[in-house]
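K.L.:
Sharing a structure here in structure tokens format.
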Amino acid sequence: MATILRSRDWFGKDDRWGLAHRAWLRAEGFSERVFAGKPVIGICNSWSELNNCNAHLRQVAEAVKRGVWEAGGFPLEFPTISLGEMLMKPTTMLYRNLMAMDVEECIRAYPLDGVVLLCGCDKTTPAQLLGAASADVPAIMVPGGPMLRGMWQGAEFGAGTDIRRLWDDVRAGRRSEEEWCEVESCVSRSAGHCNVMGTASTMASLVEALGMTLPGAADIPAADSRRLAIAEESGRRIVAMVNEELRPSRILTAQAIENAIRLQMALGGSTNALVHLVAIAGRVDLELPLTLYDEISHTTPVLANVKPSGKYLMEDFSYAGGVPAVLKEISSLLHREALTVNGRTLGENIARAACYNRDVIKPFGQPLYPEGGTVVLWGNLAPHGAVIKQSASSPHLLKHKGRAVVFENNQDLLARLDDPNLEVDEQSVLVLKHAGPKGAPGMPEWGHLPIPAKLLKAGVKDMVRLSDARISGTSFGTIVVHVSPEAAVGGPLAVVRNGDEIELDVPGKRLELRVPEGEIAKRLAQWQAPAPHYQRGYGRLFLDHILQAHEGCDFDFLRGRDRENGQTPLKRFPNPGL
Ligand code: FES
């Protein structure tokens, strides 16, 4: 039976509105042939000159259009807001849900039978995925790919990761200001997202593991002609997906989400992916507990030798076989029967994948690290969990006790961190409060607290830091983030004081405030909520509805599917693989 196209409600009628819909669109120069029952394919483009990572996506959109036309569809490109990680303040995470709503409502409100989503920079990928999951119209994603490798003084230079190292060297007096200026033109050599296994690379890879891209689409460099070829192929494929009624609800299953977590661990991927995957699960009626994350982390080796956990960059990763090669390596741990956008299973897609460089993608039996990069911590300081990326931490700090040096907020941190009189040593634990979803607001990537200048000059390279913020996927160091509940809603983090002892035990998965429980309860009873950051506008909506980190930082009213009788509670994650 032929598929009933939703676009026919706009273009397929002979009444006044049917004529108006066709006539107004013909203002763009289309002939009547485009209305002869062709599936209308939206190309949802997050291109923006304010977002360098996505600056090439108009060219990618042209390639998608070629494929759509060739397959018998009618492509129409449309913009949404774009979230440029570098320029948008205070943080793109404040706007992820706004973009997700923009994507969802555009898909729903316009005469689209299918949609191709063009993403790249950190939050554009999860925002589009969230929107597409909720709209549930056939959808395929085309990530923009990583930028070319940075090159400086004859060596490779990773965006974010190596800049952080260099900045520490400049602050410690080991590098000159001239070198600092020189590097500016060497870091970001093309369009495309950051070239390490940061959040953007991680999320693009997880989209492939979820089955929402064609195989191999995640990591082809942005400047590589094959990026346009796979965009064209995605355009052809979405037309077939419309005819097959292959919607996100058939692809974004519990099995697919488990596959994505597996890949995140094998990549040593960004901790931010955890927040986004919990939110995506929530959109498809699933409550994804952090305990499942932990179990999967414990049983998945890290294979990708890519910064910040390893030594190579995304170009090397792609040339070594990329995401399909890693998926093939961990295939015994995957739900290979999970359906993907090309109509085949994940197992079928990776059956012929190959690895071309065993130093970049390690064999399953000789991993970079024996278990996953992300560890979930529990304890009286984080009753709803906290997260550390152990693969980017210093081994000698994974079990550590130290006295807290507390910063009440980011302004306090910036004002006092480099004060020569700050009472801090390398055993101290740096604590940042009010950097979470409500407290900052928007849960910015402030969790990579800089090491105080006087310790840097003394040669200290790492120390334990913790906060209710996030960290960039390009960060490295012994950094605990996503402490939940956050300080701004009265989590125990709110009552940590200077000099309190904190115990971090990553092997034991513990994060404890070593203060008597009675004293903690007394402090919490005296705690007063801070004044809200916003009284009006989107900021007010955000503060009224944002969920905590362990709930994915989605808005409460966006979780679950649309139903005639309103929202229903999320189902427990079925945990099918364990
Ligand atoms: Fe866009 Fe890093 S700034 S991915």
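The values are calculated or read from the model by the stated rules, or taken from the named source; none is laboratory data. Quick caveat, the model's predicted, so the values are computed rather than measured. Heads up, the Cβs are rebuilt from the backbone with ideal geometry, glycines too, and the neighbour counts pull from every protein chain shown. Areas reflect the complete protein model, heavy atoms only, side chains present, ligands, DNA and RNA absent. Shrake-Rupley method; radii C 1.70, N 1.55, O 1.52, S 1.80 Å.
K.L.:
Accessible area of the range 425-534 with a 1.4 Å probe: how many percent of it is carbon plus sulfur?
P.N.:
Details: 1920 of 3810 Å².
Heavy-atom surface of the range 425-534 belonging to carbon and sulfur, 1.4 Å probe: 51 percent.
K.L.:
Still on this structure, please answer the following. Out of all DSSP beta bridges in the chain, what portion is antiparallel? Express it as a percent rounded to 5. Can you show the working numbers first?
P.N.:
Working: 23 of 54 bridges.
Counting DSSP beta bridges with both partners in the chain, the antiparallel share is about 45 percent.
K.L.:
Please compute the length gained on full extension between Gln411 and Glu182, using 0.36 nm multiplied by the number of residues separating them and subtracting their Cα-Cα distance.
P.N.:
On the way: separation 229, 0.36 × 229 = 82.44 nm, distance 2.92 nm.
Separation in residues times 0.36 nm, less the Cα-Cα distance, equals 79.5 nm.
K.L.:
Report the calculated FRET efficiency for Gln535 and Ala351 (r = Cβ-Cβ distance, R0 = 45 Å), to the nearest 0.05. Can you show the working numbers first?
P.N.:
Values: r = 56 Å, r/R0 = 1.25.
Given R0 = 45 Å and the Cβ-Cβ separation, E is 0.20.
K.L.:
So who's got an amide H within less than 5 Å of the one on Ser46, skipping anything under 5 residues away but keeping other chains? H placed 1.01 Å off N, in plane.
P.N.:
Placed amide hydrogens put Leu118 under 5 Å from Ser46.
K.L.:
Here is a further query. What is the dipole size for the chain, taken about its Cα centre, with +1 at each Lys and Arg Cβ and -1 at each Asp and Glu Cβ, in debye to the nearest 20?
P.N.:
Roughly 580 debye for the chain.
K.L.:
Can you give the angle from 0 to 90° between the axis of helix 272-283 and the longest principal axis of the chain, with both taken from C-alpha atoms, to the nearest 10?
P.N.:
The helix 272-283 is inclined about 50 degrees to the chain.
K.L.:
Work out, step by step, the length gained on full extension between Ser31 and Lys399: first 0.36 nm times the residue separation, then minus their alpha carbon distance; give nm to one decimal.
P.N.:
Values: separation 368, 0.36 × 368 = 132.48 nm, distance 6.87 nm.
Fully extending the segment from Ser31 to Lys399 adds 125.6 nm.
K.L.:
For Asp544 and His384 in the same chain, what is the full-extension length gain: residue separation times 0.36 nm, less their Cα-Cα distance, in nm?
P.N.:
On the way: separation 160, 0.36 × 160 = 57.60 nm, distance 2.01 nm.
Roughly 55.6 nm would be gained on extension.
K.L.:
If I model a spin label as a point 7 Å beyond the Cα along the Cα-Cβ vector, how far apart are those points for Asp9 and Lys571 in nm?
P.N.:
2.6 nm
K.L.:
Using the 4.7 Å Cβ rule, please list in number order the cysteines from the chain without any candidate partner.
P.N.:
Cys44, Cys106, Cys119, Cys181, Cys186, Cys194, Cys355, Cys553, each lacking another Cys Cβ under 4.7 Å.
K.L.:
Helix-derived [θ] at 222 nm for the chain: sum -39500 (n - 2.57) over DSSP H runs of at least 4, divide by residue count, nearest 500?
P.N.:
Numbers: 20 runs with 192 residues, N = 578.
The helix-only estimate for the chain comes to -9500 deg cm²/dmol at 222 nm.
K.L.:
Could I ask something else about it? Return the distance in nm (one decimal) between the two label points of a simple spin-label model at Glu105 and Asp418, each offset 7 Å from Cα along Cα→Cβ.
P.N.:
4.3 nm
K.L.:
Which residues in the range 163-182 have a backbone N closer than 12 Å to a point placed 7 Å from the Cα of Gln153 along the Cα-to-Cβ line?
P.N.:
Once the point is set 7 Å along Cα→Cβ of Gln153, 166-167, 169-170, 174-182 turn out to lie under 12 Å by backbone N, inside the range 163-182.
K.L.:
Which whole-number value in Å² is the accessible area per residue of the range 223-276, probe 1.4 Å? List each step's numbers first, then the result.
P.N.:
Numbers: 1350 Å² over 54 residues.
With all protein chains present, the range 223-276 gives 25 Å² per residue.
K.L.:
Taking 22 Å as R0, compute the FRET efficiency from the Cβ-Cβ separation of Arg250 and Ala2 and round it to 0.05.
P.N.:
Working: r = 19 Å, r/R0 = 0.86.
Efficiency, rounded to the nearest 0.05: 0.70.
K.L.:
Now a separate question. Can you give the relative contact order of the chain as a percent, counting alpha carbon pairs under 8 Å and 6+ residues apart? Don't skip to the answer; put the middle values down first.
P.N.:
On the way: 1351 pairs, mean separation 79.7, N = 578.
RCO, the chain: 14 percent.
K.L.:
Compute log10 of I(q)/I(0) for the chain with the Debye formula, placing one identical point scatterer on every Cα and leaving out solvent, at q = 0.06, 0.11, 0.12 Å⁻¹, to two decimals.
P.N.:
-0.30, -0.98, -1.16
K.L.:
A follow-up question, please. How many nm separate the modelled label positions at Gln528 and Lys461, each set 7 Å beyond the Cα in the direction of the Cβ?
P.N.:
4.6 nm
K.L.:
If you don't mind, there's one more thing I want to ask. Relative to the longest principal axis of the chain, what angle (0 to 90°, nearest 10) does the C-alpha long axis of helix 96-109 take?
P.N.:
Tilt of helix 96-109: around 10 degrees.
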